[in-house]
2 protein chains.
Amino acid sequence: MASKESTPDVSRRSERSRRAIFDAALALVGEVGYPKTTVEGIAARAGVGKQTIYRWWRSKADVLLDAFLDLSEQAAEAAGQAPYAIPDTGDLAADLKGVLRATVDELQDPAFAAPSRALAAEGVVNEELGRRFVARLLLPQLELYADRLRSAQRAGQVRADIDPRIALELFVSPLAQRWLQHTGPISYEYTDTLVDYALNGLAPR
Amino acid sequence: MASKESTPDVSRRSERSRRAIFDAALALVGEVGYPKTTVEGIAARAGVGKQTIYRWWRSKADVLLDAFLDLSEQAAEAAGQAPYAIPDTGDLAADLKGVLRATVDELQDPAFAAPSRALAAEGVVNEELGRRFVARLLLPQLELYADRLRSAQRAGQVRADIDPRIALELFVSPLAQRWLQHTGPISYEYTDTLVDYALNGLAPR
DNA sequence: AGCGTACGAGACGAACCGTCTCGTCACACC
DNA sequence: GGTGTGACGAGACGGTTCGTCTCGTACGCT
């Protein structure tokens, strides 16, 4: 006897509907924007009853989070084995600049940017969803930077007393803020500059 | 003959209603959250007809932006003459740490944080409003940091070839991102560390 | 084979939306 | 001061979406 609140019988779930809902949600967010995307609209486009959505998710934000996670997994598989590991050529500055340039490209891709923006915005105001978004998407990404910085510490290219988890924010957060809040333009030149400033510092050497 | 689209006769506007709407909007956002704040709710609480709100603003986000700008001005006046100018004692690190600590306190204040969060979130997804939010609130703040950094450049404490507008992001953006996206805790120790890392760089000196 | 349950479809009341229409009253203008 | 214009509070209105519910159908465990 399953608890009344728990999700229904997962083994009988229609994979076909699940995928159709993901596709419809991502498409709608890209086409009409997040605020105008409705559960009814998703259901209609997916050829699915509303109840089927409400049976498995609690809100449209929930649907979009799962849809985006699914999209990310697909993208990761398509991109090859290691999902977005940061290269380690021994040249820290070059490695970081390369990854940030790839991120810049990603942020310009509407298919990726629209749902990502929507989820980030929802997370700002809805703490519970925000924490899930961060834990499942953002933090794993940040951890890759931390790993690369630790490697640089072992190589003596970064001071040993530096906390990698904070250090990475010096170049990641500015890019994130410019993108999210439109506080400035985004370009390769900009991210390259961030890396240079972060590694060398603002004070004269 | 005024254009049909322009705002109605401003000289006949009720200041009483304007203030009541601001108070109600800020109170509701703080109490029930931004998504559950409605135009009808604001009108009812302010003791005002809905039309009076739609006559002067286009959306609840617009109302909240004006309400928050008003709140900021009041706070600035109450805090004294110069609105949040960054002190210049000659010790750049200490000055920055002081201001950032004050910002940390501000971000913990619910009366200030709730509407600020709501506007930031709306701005992420609504670019037009986002740009106004940034132009009228965020950029003026950032310019103060840029000014302080330019002063430090003249004093030889910051390299002359550094772009102050980008440099300030090294310590401002990480704090912003942690606060907005809940990517990590916020504390004096954290912001102090950011300033140290940014000024001295991650690489060994 | 059959039972159970997820499914598509859509009806339902509730909440808000944004527009509109009242009658009232404050204030700008003369 | 007197007058008339237009903003005001109030709320009715149709439309949209919400989240719940109730059907009959058909898929998939056991």
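The values are calculated or read from the model by the stated rules, or taken from the named source; none is laboratory data. Everything quoted here is computed from the prediction, not taken from an experiment. Don't worry about glycine lacking a Cβ; one is built from the backbone with ideal geometry, like all the others, and counts go over all protein chains shown. Heads up: the accessible areas ignore ligands, DNA and RNA and are worked out on the full protein's heavy atoms, side chains in. Shrake-Rupley method; radii C 1.70, N 1.55, O 1.52, S 1.80 Å.
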Subset of the range A:41-72 (residues that are of a type outside the set (A, V, I, L, M, F, W, C) and either under 19 Å from A:Gly30 (Cα atoms) or open to solvent by less than 50 Å² (accessible area, probe 1.4 Å) (or both)): A:Gly41, A:Arg45, A:Gly47, A:Gly49, A:Thr52, A:Ser59, A:Lys60, A:Asp62, A:Asp66, A:Asp70, A:Ser72
Do we have A:Leu202 as part of a loop (DSSP other than H, G, I, E, B), touching a Gly at 6+ places or on another chain (Cβ under 9 Å), among the hydrophobic types (A, V, I, L, M, F, W, C) and at the interface with chain B (Cβ under 9 Å from one of its Cβ atoms) here? yes
Checking B:Ser11, B:Ser17 in turn, the sole residue that is surrounded by fewer than 11 Cβ atoms within 10 Å (Cβ to Cβ), within 12 Å of DNA strand C (Cβ to nearest atom), away from every other protein chain (no Cβ under 14 Å) and among the small types (Gly, Ala, Ser) turns out to be B:Ser11
Expected single match for under 16 Å from the mean Cα position of the chain (by Cα), more than 9 Å from chain A (Cβ to nearest Cβ) and either hydroxyl-bearing (Ser, Thr, Tyr) or open to solvent by 40 Å² or more (accessible area, probe 1.4 Å) (or both) among B:Arg131, B:Arg136 is B:Arg136
Filter result for the condition that a residue is modelled with pLDDT of 95 or more, part of a helix (DSSP H, G or I) and either at the interface with another protein chain (Cβ under 10 Å from one of its Cβ atoms) or surrounded by fewer than 18 Cβ atoms within 10 Å (Cβ to Cβ) (or both), over A:Tyr145, A:Tyr190: A:Tyr190
With the structure loaded, tell me whether A:Phe133 is within 20 Å of A:Leu71 (Cα to Cα) and in contact with an Asp or Glu (Cβ under 6 Å, 6 or more places away or on another chain) or whether it fails that test. no
Just need a number here: residues in the range A:97-127 that are over 10 Å from the mean Cα position of the chain (by Cα), in a helix (DSSP H, G or I) and within 10 Å of another protein chain (Cβ to nearest Cβ). 8
Give just the number: which of (1) of a type in the set (Ser, Thr, Tyr); (2) within 12 Å of DNA strand D (Cβ to nearest atom); (3) within 20 Å of B:Val124 (Cβ to Cβ) does A:Ser11 not satisfy? (3)
